[in-house]
Each structure stands twice: as C-alpha cells, then as structure tokens.
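K.L.:
Would you mind keeping the following structure in view while I ask a few things?
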Amino acid sequence: MSTKFWKNSTVYQIYPRSFCDSDGDGVGDIRGIISKLDYLKDLGVDVIWLSPVYKSPNDDNGYDISDYKDIQPEFGTMADFDELLSEAKARGIRIIMDLVINHTSDEHEWFVKAKAGDEKYKNYYIIKKGKDGKLPNNWGNFFADCPWEPFGDPKNEEYYLHLFSKKQPDLNWYNPEVYDEIVDIMRFWLDKGVAGFRCDVINIIYKNTFADGKKQLVLTGQEHYLSTDGCHKILAGLRRDCMDKYDAFTVGETVFVDLKEARDLCDESRRELDMVFAFEHMECDQIGVKWFKTKFKPSKLMKIITKWQNGLDWNTCYFENHDQPRSVTRFVEGGEYRAVGSKMLIGLIFSLRGTPFIYQGQEIGMTNGAFNSLDEIVDIESHNVDKMAKSLGIIQPFRWKLINKTSRDNARTPMQWTSEEGAGFTSGAPWLKINPNYKDINVERDLADPDGIIAFFKKMNAQKKSSDTLLYGSFRELYQGKYVYAFEREYNGEKLVAVFNFSTKKREMPIKIQGRALISNCEQSTDGTLRPYEFTLFAKEESV
Ligand code: TEU
C-alpha cells in the first residue's frame, strides 16, 4: 500500500475570487476561505489547491503574478494567509499553491527593470529581434492573440514573447538565474508549510528553439516547446534541489500532453512531477480547438478514460477546473437530471484509479453561468476569441454562441452558498454575475437534503477512503457501449464493479453481477435495467 499522502487524498480546488467574500467588496478573499474550512472538513477534503492568491494586476485573474511572495490585497494579507494555513492544518487539511512559472506579470519588478534597460533582467525574459520588419517567428498564442509584443525602443525592433496575454511575458528558462529565483520562491512557500504545488502550464516552460513552427490551426510552434528535454531537466532539478526536502507533492498542468509524455513526466524513477493533469478527456466534446464544441458523445469520454486508466499508473481524476465549463452542463442532458447526473459524475471520479480533484461548486452540481452577452464576461480569453473570430468574419450571434458555451467564466461564477441575495457569496456587487439559479442550487439547501449531492459526495468520498480496492486496485474495463460504461477494480482478490448509464433513458444492464450494491445515486430497478444517469458500485461475489 502506498504511503504517499496524495494518493489517498481528496483535493478540492478553490478559485479565491469566486469562493467567499468576507468584506463585501464583491471579490472572494482569504478570510472568506477560512470561514468555510469547517464546511470543507465536513466534505472530507484533505488538500486544498488554491488558485493564485499572489499580488497581481489581474489581467488573467491572478495567473499574472507581480510579486510571488506577497498576497493580492483584495484577497487579504500575509497574516491572513498564515492563519488560513494554520486553521487548515488544525483541521487536518493541507494546502497546495498554484505555481505559475512560465511567465510573470509585466508589472513584476523583473520585467519593469528589464524594460528600464537592466541587462540582467532583460535576460529573465525571451526578447528577440524582429526579422526584416516582421515578427521573430510565426508562433501562435493560447489566448488567440499575437505572442510577440514590441519591447522597449521601437527602433531596436525587439519583441518579447508571451504565449498568454501580453501582460504575461514568458520567462527565459535558459537563464540559470531564473531557475534560482524560482527555487527561492518555492522554498519560501514550502517553509511556511504548504504541501506542494499545482504547476501551471509546466510542460511548456522550456522552448527548444525559436524557429518558425509547422503551420497549425492554433498554436503554431507548439512542437518547439511541449515537454522538451530542457523541461524534463528543469523539473528533475526542482525536485532534487527543492521538493525532495519537503513532505510535499507536485501536480503539473500539462497542456496537450499525450500518454507517453505523461508517463515520462511522472515516472517515479525519473523524479520530475508526482502527477499530471491531462486534457484529452476534456477535449472529448470539441472539434479541433476548445472554442468549437460538438455534441457530447459519452462513448468518446469512456474510451479516453479507459485509455488513460490503462496507460498511466496514477491519474488525476477530474472533470472540472477554473478553465473548463461545468461538467454537468457538458455531460448531462436535461435539467431534471442535474442532481442524479452530478452524482454519477462524482461517482465516476471517485471510482477511478487516481487522485480525485473536485472544483468548488461541483459538490452541489453548479451549472454553466447564465450570461446574456459578452459584456457580462470578464475572462480575457473570451474577449480575445471574440476579436479573433470577428477578424475572421464570423458574425456576432455565432461568435456569442461559441463563447457562451466555452467561456472559462462558466466555471468562475461565484459560489452559491445560500438563497439570499448575493448567494451568500457577497453582501456587495459580485465581480462576476451570479447564476440566478442560486435560489435553487446552493449549499444551504443541498446540505439540508439527506438525498442531496453533498450527502452523496460525502458518502462516496468515505467509500473511497475506506477501500484499498478503490484507492489502489487495478482497473479493468468490462463494458463500453454508446451510453453504458462498466469497469472493475481489483485488489488482493477483492473486486468492485462500477456501472454508469450516461443517458436520459433506461438501459440494459450490460453484464451480470452477482454481488451487492455498495453505493448508488438511485434505487436499483428490479428489471435488470439501469435508470437514467445511474451509477452503482457493486462488491462482486462472482460474475457470469
Ligand atoms: O491554463 C493554461 C491553458 O492553456 C488554458 O487556459 C487553456 O486555454 C485551457 O485550459 C485548455 O483547454 C493555465 C491556467 O489554468 C489558466 O487559468 C491561465 O490563464 C493560464 O494557464 C495562463 O497562466
């Protein structure tokens, strides 16, 4: 059995801006989080992943950091943070931080000094000469923008690279001083007692070359920076020089990662990362790029899940984060199935082999935001996509249709705590529109319901924690149909079978299981069928 604490931990992601506002300014804050620690303890959360709380001009909601060792004033102070850490610890909850080291904010003092002409700091960033009046290369940008921005005096024809917003200049990982600075920052937080890091876009930090890339629909140039040897070397270094000295873990956000790269990145003998977030399953309902969604086909999702369960020894099991539309809106049809469908998705996350990551609000089945127009959207990515689509001649109603479905703000609407005005999130004007369905969908109401999503979440979480088979057992797919999915987990001869119906109709039970139902999101039918969105976990005695 594993002794690594992160293998039997349930991780809960907090997006601080939208979690709980203690002072009425419409923005969530650290004291708000402290006030909800008992709630998280009661859910059975072991680790909180805190999205960035560092000082930031907020061009990308904190993923543009201007001081890695200070707290964003609208979130509170370092004293508040220290209190959060100790209050969490008192409840047996660890905290991991978001480590954003592909880029800083352009308001970080390093970049400010670089712009003022300081050569030392110029070498912290990727600054290249244009070629014959043209940009340094043909690369694309993650936020549908141009990745090169003029740097300094225009007559020098210099540009800096920013794979995200122009207020997020990429760091130059060729420079060992950058490495030392980052180690210093990591130690600062680890010495305070944080339990590790979620490493933002970590597989793109080291660019092999700045040559032109092969033309692609988006992100031309990616072959030059995805999981490069240089990146592997840096990660092994950070592990050796820093992480290994602490009881802490890393989970890498690894964009476009495939199985082979994921295996390498978290291969125990290579000692780089502990886990990665892969995205293939999050792309199951898109065509080419994430902004074009197609109808969700459950079988596609199942196929990808099976592939990753079989192919990678230890997965992160998640359906949501602050960049993805809400899972119940994506994967469950029809409002009347929201609760049962949310429970099924939670059942799936906890039945798989790997560490479960739950995003705030998922435990009450929060849905996509209810935005009426782009004016109500804050996310920089959505605004850039609109500009790009406009320049391609795509008409406004169509642009809005795409953005409304895919915007990251769908996941960022304020947490719905109560049915009071402000949803118990704020007493002021919220920074982003609260979904009006808060009157029905909120923590207070769900908690009061013995059959609520939270009650199911807690049961399922406890089931996982108490079962070595669910925690550490092997995975074997038993059935994969158009709508029905079944797999087995086995450990020391104990077998558990999880069955799922991803549809609004009754479906035939695909396999005969002799055994008893340990947990389910509904009452089993007696006619050998699965109910709509049923999830049942059986303890198997014998199967035919
Ligand atoms: O995300 C990286 C990233 O590539 C996503 O924005 C991406 O477009 C999407 O999730 C893939 O479908 C990370 C952070 O999670 C995100 O919030 C930041 O905006 C970004 O890095 C830059 O730091």
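The values are calculated or read from the model by the stated rules, or taken from the named source; none is laboratory data. All values derive from a computational prediction rather than experimental measurement. Neighbour counts are summed over all protein chains in view; Cβ atoms, including those assigned to glycine, are modelled from backbone coordinates with ideal geometry.
K.L.:
Specify which of the listed residues (Ile14, Ile30) is within 15 Å of the ligand (Cβ to nearest atom), buried (at least 24 other Cβ atoms within 10 Å of the Cβ) and of a type in the set (Val, Ile, Thr). Steps first, answer last, please.
P.N.:
Working: Ile30 fails: within 15 Å of the ligand (Cβ to nearest atom).
Only one candidate passes the filter, namely Ile14.
K.L.:
Name the residues in the stretch 325-352 that are of a type in the set (Val, Ile, Thr) and either under 17 Å from the mean Cα position of the chain (by Cα) or outside any loop (DSSP other than H, G, I, E, B) (or both), would you? It would help to see each step written out before you state the result.
P.N.:
Quick first cut of the stretch 325-352, residues of a type in the set (Val, Ile, Thr) only: 328-329, 332, 340, 346, 349.
Across the stretch 325-352, the qualifying residues are Val328, Thr329, Val340, Ile346, Ile349.
K.L.:
Given Thr329, Thr294, which one is touching a residue at least 60 places away in the same chain (Cβ under 8 Å), out of contact with any Pro (no Cβ under 8 Å at 6 or more places or on another chain) and away from the ligand (no atom under 12 Å from the Cβ)? Walk me through it before giving the result.
P.N.:
On the way: Thr294 fails: touching a residue at least 60 places away in the same chain (Cβ under 8 Å).
So the residue among Thr329, Thr294 that is touching a residue at least 60 places away in the same chain (Cβ under 8 Å), out of contact with any Pro (no Cβ under 8 Å at 6 or more places or on another chain) and away from the ligand (no atom under 12 Å from the Cβ) is Thr329.
K.L.:
Sticking with this one: Please count how many residues of the stretch 131-156 are away from the ligand (no atom under 14 Å from the Cβ), of a type outside the set (Asp, Glu) and either under 13 Å from Leu219 (Cβ atoms) or in a loop (DSSP other than H, G, I, E, B) (or both).
P.N.:
9
K.L.:
Let me ask something else. Scanning for something outside any helix (DSSP H, G or I) and touching a residue at least 24 places away in the same chain (Cβ under 8 Å), does the stretch 384-403 turn up at least one residue?
P.N.:
Initial filter on the stretch 384-403 (outside any helix (DSSP H, G or I)): 392-395.
Next, from what is left, pick out any that are touching a residue at least 24 places away in the same chain (Cβ under 8 Å): none.
No, there is no match, as no residue in the stretch 384-403 is outside any helix (DSSP H, G or I) and touching a residue at least 24 places away in the same chain (Cβ under 8 Å).
K.L.:
Of all the residues that make up the stretch 438-454, how many are within 26 Å of the chain's Cα centre (by Cα) and either under 18 Å from Leu345 (Cβ atoms) or buried (at least 20 other Cβ atoms within 10 Å of the Cβ) (or both)?
P.N.:
Here the count works out to 8.
K.L.:
Look through Ile185, Ile204 and report the one residue that is of a type in the set (A, V, I, L, M) and touching a helix residue (DSSP H, G or I) at 6+ places or on another chain (Cβ under 9 Å). Before the answer, list the steps.
P.N.:
Numbers: Ile185 fails: touching a helix residue (DSSP H, G or I) at 6+ places or on another chain (Cβ under 9 Å).
Going through Ile185, Ile204 in turn, the sole match is Ile204.
K.L.:
I would also like to ask the following. Please name all residue pairs, on different chains or six or more residues apart, with Cβ atoms under 6 Å, provided the first residue is in the stretch 463-486 and is closer than 12 Å to Met509 by Cβ and the second residue is of a type in the set (Asp, Glu) and modelled with pLDDT of 95 or more.
P.N.:
Partner pairs satisfying both residue conditions: Leu478/Glu488.
K.L.:
Among residues belonging to the stretch 182-202 that are more than 16 Å from the ligand (Cβ to nearest atom) and in contact (Cβ under 8 Å) with a residue 60 or more places away in the chain, point out the one that is surrounded by the fewest Cβ atoms within 10 Å (Cβ to Cβ). Reasoning before the result, please.
P.N.:
Going residue by residue through the stretch 182-202, those that are more than 16 Å from the ligand (Cβ to nearest atom) are 183-184, 186-196.
With in contact (Cβ under 8 Å) with a residue 60 or more places away in the chain added as a condition, the list becomes 186, 188-189, 192-196.
Values: Met186: 25, Phe188: 12, Trp189: 23, Lys192: 14, Gly193: 16, Val194: 22, Ala195: 25, Gly196: 26.
The selected residue is Phe188.
K.L.:
Now for a separate question. In the stretch 441-463, what residues are touching a Ser or Thr at 6+ places or on another chain (Cβ under 8 Å) and part of a loop (DSSP other than H, G, I, E, B)?
P.N.:
Keep residues of the stretch 441-463 that are touching a Ser or Thr at 6+ places or on another chain (Cβ under 8 Å), which gives 441-445, 453, 461.
Of everything in the stretch 441-463, those that are touching a Ser or Thr at 6+ places or on another chain (Cβ under 8 Å) and part of a loop (DSSP other than H, G, I, E, B) turn out to be Ile441, Asn442.
K.L.:
Moving on to the next point. Can you pull out every residue in the stretch 99-121 that is in a helix (DSSP H, G or I) and either away from the ligand (no atom under 16 Å from the Cβ) or surrounded by fewer than 15 Cβ atoms within 10 Å (Cβ to Cβ) (or both)? First the steps, then the outcome.
P.N.:
To start, the set of residues in the stretch 99-121 that are in a helix (DSSP H, G or I) comprises 109-115, 119-121.
Scanning the stretch 99-121 gives Glu109, Trp110, Val112, Lys113, Ala114, Lys115, Glu119, Lys120, Tyr121.
K.L.:
Name the one entry in Tyr124, Tyr68 that is at pLDDT 95 or above, of a type in the set (Ser, Thr, Tyr) and more than 16 Å from the ligand (Cβ to nearest atom). Show your work before the answer.
P.N.:
Values: Tyr68 fails: more than 16 Å from the ligand (Cβ to nearest atom).
The match here is Tyr124.
K.L.:
Please report, ordered by residue number, the helices (runs of 4 or more DSSP H) entirely within the stretch 215-314 with at least 2 residues that are under 30 Å from Thr504 (Cβ atoms) and basic (Lys, Arg). Give the steps one after another, and end with the answer.
P.N.:
Values: elements: 229-241, 259-266, 298-311.
Output list reads 298-311.
K.L.:
May I ask you to verify whether Tyr159 is within 16 Å of the ligand (Cβ to nearest atom) and either at pLDDT 95 or above or not β-branched (Val, Ile, Thr) (or both)? Please lay out each step first, then the result.
P.N.:
Working: within 16 Å of the ligand (Cβ to nearest atom): no; either at pLDDT 95 or above or not β-branched (Val, Ile, Thr) (or both): yes.
It is false that Tyr159 is within 16 Å of the ligand (Cβ to nearest atom) and either at pLDDT 95 or above or not β-branched (Val, Ile, Thr) (or both).
K.L.:
Any idea which of Gly369, Gly347, Gly335 is under 30 Å from Thr469 (Cβ atoms) and of a type in the set (Gly, Ala, Ser)?
P.N.:
Numbers: Gly369 fails: under 30 Å from Thr469 (Cβ atoms); Gly335 fails: under 30 Å from Thr469 (Cβ atoms).
Just a single option satisfies the conditions, and that option is Gly347.
K.L.:
With respect to Lys505, is the statement that it is surrounded by fewer than 20 Cβ atoms within 10 Å (Cβ to Cβ), under 20 Å from Arg338 (Cα atoms) and either at pLDDT 95 or above or under 25 Å from the mean Cα position of the chain (by Cα) (or both) true? Write out each step before concluding.
P.N.:
On the way: surrounded by fewer than 20 Cβ atoms within 10 Å (Cβ to Cβ): yes; under 20 Å from Arg338 (Cα atoms): yes; either at pLDDT 95 or above or under 25 Å from the mean Cα position of the chain (by Cα) (or both): yes.
Spelling it out, Lys505 is indeed surrounded by fewer than 20 Cβ atoms within 10 Å (Cβ to Cβ), under 20 Å from Arg338 (Cα atoms) and either at pLDDT 95 or above or under 25 Å from the mean Cα position of the chain (by Cα) (or both).
Every residue, every condition in (1) among the β-branched types (Val, Ile, Thr); (2) outside any helix (DSSP H, G or I); (3) farther than 13 Å from Thr104 by Cα, yes or no:
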| site | (1), (2), (3) |
| --- | --- |
| Lys166 | no, yes, no |
| Tyr174 | no, yes, yes |
| Tyr179 | no, no, yes |
| Val183 | yes, no, yes |
| Phe188 | no, no, yes |
| Arg198 | no, yes, yes |
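K.L.:
OK, next. Of all residues in the stretch 392-411, count the ones that are farther than 18 Å from Val218 by Cβ, over 18 Å from the mean Cα position of the chain (by Cα) and either within 16 Å of the ligand (Cβ to nearest atom) or not aromatic (Phe, Trp, Tyr) (or both).
P.N.:
Looking only at that region, the number is 5.
K.L.:
What single numbered condition from (1) surrounded by fewer than 18 Cβ atoms within 10 Å (Cβ to Cβ); (2) in contact (Cβ under 8 Å) with a residue 40 or more places away in the chain; (3) more than 12 Å from the ligand (Cβ to nearest atom) fails to hold for Val218?
P.N.:
All conditions are met except number (3).
For (1) closer than 30 Å to Glu534 by Cα; (2) surrounded by fewer than 23 Cβ atoms within 10 Å (Cβ to Cβ), each residue gets a yes or a no:
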| position | (1), (2) |
| --- | --- |
| Gly361 | yes, no |
| Asn372 | no, yes |
| Glu381 | no, no |
| Val385 | no, no |
| Asn410 | yes, no |
| Glu421 | no, yes |
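K.L.:
Looking at the structure I just gave you, is Ile65 without any contact (Cβ under 8 Å) to a residue 60 or more places away in the chain, part of a loop (DSSP other than H, G, I, E, B), crowded, with 21+ Cβ neighbours inside 10 Å and on the phi < 0 side of the Ramachandran plot? Steps first, please.
P.N.:
Working: without any contact (Cβ under 8 Å) to a residue 60 or more places away in the chain: yes; part of a loop (DSSP other than H, G, I, E, B): yes; crowded, with 21+ Cβ neighbours inside 10 Å: yes; on the phi < 0 side of the Ramachandran plot: yes.
Taking the combined requirement at face value, the residue satisfies it.
K.L.:
Anything in the stretch 188-218 that is in contact with a Gly (Cβ under 6 Å, 6 or more places away or on another chain) and modelled with pLDDT of 95 or more? List them, or say none.
P.N.:
The first filter runs over the stretch 188-218 and keeps only residues in contact with a Gly (Cβ under 6 Å, 6 or more places away or on another chain), leaving 199, 202, 206, 213, 217-218.
Across the stretch 188-218, the qualifying residues are Cys199, Ile202, Tyr206, Gly213.
K.L.:
In addition: Taking the condition within 16 Å of the ligand (Cβ to nearest atom), assigned to a helix (DSSP H, G or I) and modelled with pLDDT of 95 or more, does Val378 pass? Walk me through how you get there before you give the answer.
P.N.:
Numbers: within 16 Å of the ligand (Cβ to nearest atom): yes; assigned to a helix (DSSP H, G or I): no; modelled with pLDDT of 95 or more: yes.
When the stated conditions are applied, Val378 does not pass them.
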